[in-house]
1. Look through the range 51-77, keep the residues that are in contact with a strand residue (DSSP E or B) (Cβ under 9 Å, 6 or more places away or on another chain) and within 20 Å of Pro39 (Cβ to Cβ), and return whichever of them is surrounded by the fewest Cβ atoms within 10 Å (Cβ to Cβ).
2. Go over the candidates Arg48, Arg1, Arg22 one by one and state the one that is of a type in the set (Lys, Arg), out of contact with any strand residue (DSSP E or B) (no Cβ under 7 Å at 6 or more places or on another chain), within 18 Å of Glu85 (Cβ to Cβ) and exposed (fewer than 10 other Cβ atoms within 10 Å of the Cβ).
3. Across the range 50-103, what is the number of residues that are touching an Asp or Glu at 6+ places or on another chain (Cβ under 8 Å) and basic (Lys, Arg)?
4. Taking only the range 77-91 into account, find how many residues are part of a loop (DSSP other than H, G, I, E, B) and either among the hydrophobic types (A, V, I, L, M, F, W, C) or in contact (Cβ under 8 Å) with a residue 12 or more places away in the chain (or both).
5. Would you tally the residues in the range 1-54 being farther than 16 Å from Thr89 by Cα, aromatic (Phe, Trp, Tyr) and either in contact with a helix residue (DSSP H, G or I) (Cβ under 8 Å, 6 or more places away or on another chain) or not in a loop (DSSP other than H, G, I, E, B) (or both)?
6. Considering Leu64, Leu8, Leu43, Leu13, which residue is under 18 Å from Ile103 (Cα atoms) and not acidic (Asp, Glu)?
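Nothing in this text is a laboratory measurement; each read-out follows from the coordinates by a stated rule. If you're wondering where the values come from, they're calculated on a predicted model, not measured in any experiment. In this analysis, Cβ positions are derived from the backbone assuming ideal geometry, glycine residues included, and neighbour counts consider all displayed protein chains.
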Amino acid sequence: RAHQLESLSEDTLYLPYATSLRMSDLGYQNNAQDGLVPPYNNLIDYMRSLSMAVRKPYAPYAALGTRQDGEWVQINTNVLQIENEFYATIRPKRVIRTGERPI
């Protein structure tokens with residue numbers, strides 16, 4: 001379809017000076033994470049907060065279960081499925097080795 005976007009690469013489009021809406025009310029939303037506010041001024045506390053979120057059950061996810069008709073629908077029934085699922089204005093990421101966790 002027709003658009004005004006410029007091509008950065010074969011699979012990436014952009015506009016100069018554009019604003020990403022990913023973290024706005026129009027972007028990525030997950031009500032399960034509303035109460036998740038990890039501290040950013042202390043790495044240990046930040047990691048501890050995300051670690052707790054991947055272990056804390058979330059009732060609406062538990063109601064769905066992890067499998068339906070024998071097929072996986074989600075990894076687990078916790079607030080975060082994995083650490084990388086947490087979206088915020090600060091989102092440290094690194095390349096991990098096989099079997100490692102991000103935190």
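1. Arg55
2. Values: Arg48 fails: exposed (fewer than 10 other Cβ atoms within 10 Å of the Cβ); Arg1 fails: within 18 Å of Glu85 (Cβ to Cβ).
Result: Arg22 is the single residue among Arg48, Arg1, Arg22 that is of a type in the set (Lys, Arg), out of contact with any strand residue (DSSP E or B) (no Cβ under 7 Å at 6 or more places or on another chain), within 18 Å of Glu85 (Cβ to Cβ) and exposed (fewer than 10 other Cβ atoms within 10 Å of the Cβ).
3. Residues in the range 50-103 being touching an Asp or Glu at 6+ places or on another chain (Cβ under 8 Å) and basic (Lys, Arg): 1 in total.
4. 10
5. The total comes to 1.
6. Step by step, each of Leu64, Leu8, Leu43, Leu13 is checked, and only Leu43 is under 18 Å from Ile103 (Cα atoms) and not acidic (Asp, Glu).
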